[in-house]
1. From the set of residues in the stretch B:101-134 that are farther than 28 Å from B:L35 by Cα and outside any loop (DSSP other than H, G, I, E, B), which is farthest from ligand 3 (Cβ to nearest atom)?
2. Looking only at the stretch B:181-212, filter to residues that are of a type in the set (A, V, I, L, M, F, W, C) and within 12 Å of another protein chain (Cβ to nearest Cβ); which one of those is farthest from ligand 2 (Cβ to nearest atom)?
3. Residues that are over 20 Å from B:K188 (Cα atoms) and more than 14 Å from chain A (Cβ to nearest Cβ): which strands (runs of 3 or more DSSP E) entirely in the stretch B:1-98 hold 2 or more of them?
4. Could you please let me know if B:G194 is on the phi > 0 side of the Ramachandran plot and at pLDDT 95 or above?
5. Restricting to the stretch A:19-51, name every residue that is closer than 25 Å to B:A177 by Cα and within 8 Å of chain B (Cβ to nearest Cβ).
6. Are any residues in the stretch A:31-60 in contact with a strand residue (DSSP E or B) (Cβ under 7 Å, 6 or more places away or on another chain) and more than 8 Å from ligand 2 (Cβ to nearest atom), and if so, which ones?
7. For a quick check of your reading: which helices (runs of 4 or more DSSP H) sit entirely within the stretch B:135-249 and have at least 2 residues that are surrounded by fewer than 24 Cβ atoms within 10 Å (Cβ to Cβ) and among the acidic types (D, E)?
8. Show the residue pairs that are 6+ apart or on different chains and have beta-carbon atoms under 9 Å apart, the first residue being within the stretch B:116-128 and within 14 Å of chain A (Cβ to nearest Cβ) and touching a residue at least 40 places away in the same chain (Cβ under 8 Å), the second being more than 16 Å from ligand 3 (Cβ to nearest atom) and among the hydroxyl-bearing types (S, T, Y).
Amino acid sequence: MSSISIDKEKCKGCGLCVKACPKKVIEISADESNKSGYFVADPVRMQDCIGCTFCALMCPDVCITVEK
Amino acid sequence: MAVVFEKTKMLTDVNFHYCPGCTHGIAHRLIAEALEELGCEGKAIGIAPVGCAVFAYKYFNCDMQQVAHGRAPAAATGVKRVCPDKVVFVYQGDGDLASIGTAEIIHAAARGENITVIFINNAIYGMTGGQMAPTTLIGQKTTTSPHGRDASVSGNPIKVCELLSTLDGPSYIARCALSDPANVMKAKKAITKGLKNQIEGKGFSLIELLSTCPTNMGITPIAALDYVKNEMTKIFPLGVYKDIDAAQK
Ligand SMILES: Cc1ncc(C[n+]2csc(CCOP(=O)(O)OP(=O)(O)O)c2C)c(N)n1
Ligand code: SF4
Ligand code: SF4
Ligand code: SF4
């Protein structure tokens with residue numbers, strides 16, 4: 001079992017993590033936004049996460065932590 | 001479960017001011033991680049440019065100096081010569097390094113100054129609103145080339161790695177792309193190599209990172225990564241352009 005956590009207040013909803021994830025774990029939320037007004041990344045299929053860190057490697061705002 | 005990825009201590013907790021999806025953030029993280037892994041805490045000094053990375057001094061957990069447009073290699077020369085035991089890195093965009101700062105970078109490289117330059121090539125002037133850069137591709141639309149860059153009017157893109165690798169001074173010159181996880185990992189290795197060369201006293205190194213400016217390219221962050229991978233790498237091929245270690249083998 002692996003998982004990620006996203007610092008949603010830092011997230012800018014850019015979607016680079018969504019593109020990088022080979023397991024389609026992450027989506028950009030259609031309704032949850034942060035204080036800066038960005039719709040944030042949401043790991044909707046966390047059970048599929050393999051802990052590869054690709055999402056974190058591409059996140060320009062360094063808001064993802066990965067556990068494996 | 002163990003933590004396999006977390007934010008490096010060499011970055012502060014200040015949120016980046018960059019636009020969503022801008023790869024300046026990835027470049028910052030890679031430099032900071034490489035500095036941490038090389039044990040440069042308390043030993044690194046960064047030189048921030050004019051350009052979107054002008055506030056880089058707020059983001060790195062080390063001493064930083066922000067300098068006049070294009071002059072970062074000259075400032076770094078002074079810092080490194082006065083503090084030879086510090087690890088001095090320079091961070092410059094393509095407008096900063098390849099346009100107004102052409103003289104400084106060429107002569108720092110020619111002198112083989114013992115500094116590490118990270119060159120962000122996003123093929124455009126980001127901070128000032130998307131004007132044509134020396135690295136803008138032929139046909140690329142910018143605010144000052146609204147019909148696409150025309151070589152007969154503006155010349156061809158300047159290939160910085162190719163140009164500098166003709167000099168005797170540099171120890172390591174490489175071009176990487178921040179387009180996908182595999183290339184980001186390669187970029188980290190190249191940055192680490194450049195910093196290690198400095199620590200070992202081997203002299204000047206420059207790592208060019210093909211980057212995005214989704215805001216001024218007028219495309220989504222994901223489309224901008226595809227542009228780097230599919231279009232920019234055709235004009236700016238990835239690879240190692242100079243490596244004195246490889247040459248000695
Ligand atoms: C002496 C001087 N000339 C011009 C400018 C205006 N200026 C600010 S940033 C910039 C170019 C930035 O482009 P680049 O170096 O590619 O960095 P980016 O913003 O794309 O990261 C220019 C021309 C300035 N600040 N100082
Ligand atoms: S660690 Fe890998 S599998 Fe897990 S969310 Fe990130 S990219 Fe997807
Ligand atoms: S890459 Fe980072 S900033 Fe972009 S959507 Fe994912 S978590 Fe948010
Ligand atoms: S203007 Fe371009 S280079 Fe500057 S922060 Fe925005 S996306 Fe990045």
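1. Of the stretch B:101-134, the ones farther than 28 Å from B:L35 by Cα are B:128-134.
Those still in the list that are outside any loop (DSSP other than H, G, I, E, B) too: B:131-132.
Details: B:Q131: 26, B:M132: 28 Å.
By that ranking, first place goes to B:M132.
2. Let us first name the residues in the stretch B:181-212 that are of a type in the set (A, V, I, L, M, F, W, C), namely B:182, B:184-185, B:187, B:190-191, B:195, B:199, B:204, B:206-207, B:209-210.
Restricting the remaining residues to those that are within 12 Å of another protein chain (Cβ to nearest Cβ) gives B:182, B:184-185, B:187.
Details: B:A182: 13, B:V184: 12, B:M185: 13, B:A187: 18 Å.
The residue in question is B:A187.
3. Values: elements: B:3-5, B:44-48, B:63-66, B:87-93.
Counting at least 2 such residues, we get B:63-66.
4. Numbers: on the phi > 0 side of the Ramachandran plot: no; at pLDDT 95 or above: yes.
Here the answer is no, as B:G194 does not meet what is asked.
5. Once the filter is applied, which keeps residues that are closer than 25 Å to B:A177 by Cα and within 8 Å of chain B (Cβ to nearest Cβ), the stretch A:19-51 yields A:K19, A:A20, A:G51.
6. A:E32, A:S33, A:N34, A:F39, A:V40, A:A41, A:D42, A:V44
7. On the way: elements: B:151-154, B:160-164, B:181-199, B:214-217, B:221-227, B:244-248.
Counting at least 2 such residues, we get no helices (runs of 4 or more DSSP H) at all.
8. Filtered contacts from the stretch B:116-128: B:I120/B:Y91; B:N122/B:T135.
The values are calculated or read from the model by the stated rules, or taken from the named source; none is laboratory data. Here the structure is a predicted model, which is why all the values come from computation and not from measurement. With ideal geometry, Cβ positions are generated from the backbone for all residues, glycine too; neighbour counts draw on all protein chains shown.
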